[in-house]
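What follows is one structure encoded as structure tokens, with my remarks underneath.
Just so it is clear, none of the values below were taken in a lab; they were calculated from the coordinates. For clarity, every value in this text was computed on a predicted model and none was experimentally measured.
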Amino acid sequence: MTEQNMPNQTDPHAVNLHREIARLHEKASSSAARRASDTLYGGRETVLRQTLIVLLADADLAAHEAPPEATLQVISGRVELVTALKSWTLETGDLMSIPQERHSVHALDDSAFVLTVRRA
């Protein structure tokens, strides 16, 4: 990005992921659950929702039902996506569609990922 197009805190359409990850990492560090998240994009009027999630090493997102359509993109670290019959280890740069079944996410390292969901 050129300097004139650089994301800043006052532009509602631009987010600096590095800055947001650092903020959420600090928040997760003081949380008993060892995780923190924030919506990057999406509101009541949109079909698409993107959430940045930070999990500290060994933290979990407990098993839950899959949304209608979703992807998980690892920005930093390594996570394990686990279903009843299979698991996948995803690392920095990996993007995966989430299977349409109950699943959980476990952080193998301090990790940050973007969950993109198409809402019904």
_For mean projected area of the Cα convex hull in nm², calculated from these coordinates, the label among [x] 6.0; [y] 8.1; [z] 10.4_ = [y]
_If I fit a long axis through the Cα atoms of helix 17-29 and take the longest principal axis of the Cα atoms of the chain, what angle between them do I get, 0 to 90°, rounded to 10?_
60 degrees
